[in-house]
Amino acid sequence: MEPPIPLKEWNFITTLHSGADDIKIIRLDNPVVGQEGIQMVGLRKTHAILNTEDYQLAGKGAELLYWDQNTRFCGVCGGTNKWMTDISKKCTECGKEWWPSAATAIIVRIQHDDCILLVRARNFKGNHYGLVAGFLETGESLEQCVVREVREEVGIKIKNLRYFGSQPWPYPFGLMVGFTADYDEGELSLQKEELCEGGWFKRDKTGSLKSKV
Ligand SMILES: [Zn+2]
């Protein structure tokens, strides 16, 4: 079968090996419009279209595209980096090898009696609330990161910190590590530079989350 985009227009980046299938990652300079069998979809929207496995592959592809663009030159000598394997590069001048390294972030659900803490970040589009989250800093453990982010963003102390799970977070290139914790002490005090709203929320009889106060 003919590929839906002419082969000469392929800007091949690398290959993902998934089971029996090889998936080619290509970069398109312009969106493909008006071509049967092609639908251009942003990565976030694919979450509602693809199954979990394919969504994760799409995310990995998007991360490698991002990484490819950000590692065109060697950070040591400025030489040109060339793909060495399907997931790594090597400098053509000094031989330094470059492997993708995702930015690690934490997210935490904090429980206080029958409520959880929800916050609205200034950079959120729309009226969404979420959990306290933030990036791991150099030299700290994941647990230290959670305690620091909670203290910095909402000013409270937590206890009973427990690992929940993790998932790739390809926006643009991360690993999101989830925790749960219980409120310990302190008054909520929002970090105004990052958060515009926040508070304790509980479910009403319909199952919707409602602010406690
Ligand atoms: Zn180099």
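Kindly indicate the residue of segment 82-95 that is exposed (fewer than 13 other Cβ atoms within 10 Å of the Cβ) and of a type outside the set (S, T, Y) and also nearest to L16 (Cα to Cα) among those meeting that condition.
Looking at residues that are exposed (fewer than 13 other Cβ atoms within 10 Å of the Cβ) and of a type outside the set (S, T, Y), I get K82.
Check whether at least one residue in segment 47-56 is outside the structural domain of P172 (by TED's automatic domain parsing), closer than 30 Å to E149 by Cβ and surrounded by 15 or more Cβ atoms within 10 Å (Cβ to Cβ), and report yes or no.
Going through segment 47-56, the residues outside the structural domain of P172 (by TED's automatic domain parsing) turn out to be 47-56.
Subset that is closer than 30 Å to E149 by Cβ: 47-48, 52, 55-56.
Keeping just the survivors that are surrounded by 15 or more Cβ atoms within 10 Å (Cβ to Cβ) gives 55-56.
Yes, because at least one residue in segment 47-56 is outside the structural domain of P172 (by TED's automatic domain parsing), closer than 30 Å to E149 by Cβ and surrounded by 15 or more Cβ atoms within 10 Å (Cβ to Cβ).
So which residues in segment 153-167 are within 11 Å of D184 (Cα to Cα) and either without any contact (Cβ under 8 Å) to a residue 12 or more places away in the chain or among the β-branched types (V, I, T) (or both), if there are any at all?
I156, I158
Restricting attention to segment 62-81, which residues are surrounded by 15 or more Cβ atoms within 10 Å (Cβ to Cβ), over 15 Å from S101 (Cβ atoms), away from the ligand (no atom under 11 Å from the Cβ) and more than 13 Å from the chain's Cα centre (by Cα)?
L65
Restricting attention to segment 99-111, and to residues there that are surrounded by fewer than 17 Cβ atoms within 10 Å (Cβ to Cβ) and out of contact with any helix residue (DSSP H, G or I) (no Cβ under 8 Å at 6 or more places or on another chain), which single residue is farthest from Q167 (Cα to Cα)?
Within segment 99-111, the first condition is being surrounded by fewer than 17 Cβ atoms within 10 Å (Cβ to Cβ), and the residues that meet it are 99-104, 109, 111.
Checking the rest, the ones that are also out of contact with any helix residue (DSSP H, G or I) (no Cβ under 8 Å at 6 or more places or on another chain) come to 99, 101, 103, 109, 111.
Values: W99: 19, S101: 15, A103: 12, R109: 15, Q111: 21 Å.
Only one residue fits best here, namely Q111.
State which residue is surrounded by the fewest Cβ atoms within 10 Å (Cβ to Cβ) when the search covers only segment 129-149 and only residues that are outside any helix (DSSP H, G or I) and of a type outside the set (G, A, S).
T138
Those residues that are of a type in the set (F, W, Y) and under 18 Å from G178 (Cα atoms), I need them from segment 118-158; list them, please.
So in segment 118-158, the residues of a type in the set (F, W, Y) come out as 124, 129, 135.
Matches in segment 118-158: Y129, F135.
Just to be sure, is E36 within 16 Å of the ligand (Cβ to nearest atom), out of contact with any Pro (no Cβ under 7 Å at 6 or more places or on another chain) and assigned to a loop (DSSP other than H, G, I, E, B)? Even if it seems obvious, please write down each step before you answer.
Details: within 16 Å of the ligand (Cβ to nearest atom): no; out of contact with any Pro (no Cβ under 7 Å at 6 or more places or on another chain): yes; assigned to a loop (DSSP other than H, G, I, E, B): yes.
Criteria not met by E36.
Looking at A103, A58, A48, can you tell me which residue is modelled with pLDDT of 95 or more, more than 10 Å from the ligand (Cβ to nearest atom) and not basic (K, R)? Spell out the reasoning first.
On the way: A58 fails: modelled with pLDDT of 95 or more; A48 fails: modelled with pLDDT of 95 or more.
Criteria check complete, one pass: A103.
Can you list the strands (runs of 3 or more DSSP E) lying wholly within segment 151-213 that have 2 or more residues being polar (S, T, N, Q) and closer than 25 Å to A62 by Cβ?
Working: elements: 157-169, 174-185, 195-203, 209-211.
Those strands (runs of 3 or more DSSP E) span 157-169.
Would you check which residues across segment 97-135 are hydrophobic (A, V, I, L, M, F, W, C) and without any contact (Cβ under 8 Å) to a residue 40 or more places away in the chain and list them? Before the answer, list the steps.
Just the residues of segment 97-135 that are hydrophobic (A, V, I, L, M, F, W, C), to begin with: 98-99, 102-103, 105-108, 110, 115-119, 121, 124, 131-133, 135.
Those that are hydrophobic (A, V, I, L, M, F, W, C) and without any contact (Cβ under 8 Å) to a residue 40 or more places away in the chain: W98, W99, F124, L131, V132, F135.
Could you list, in sequence order, the residues of segment 74-120 that are closer than 20 Å to F12 by Cβ and assigned to a strand (DSSP E or B)?
Passing the criteria: T80, N81, K82, W83, M84, T85, S88, K89, K90, W98.
The values are calculated or read from the model by the stated rules, or taken from the named source; none is laboratory data. This one's a predicted model, so the numbers in the text were calculated from it and none came from an experiment. All Cβ positions, even for glycine, are placed from backbone atoms using ideal geometry, and neighbour counts span all protein chains on display.
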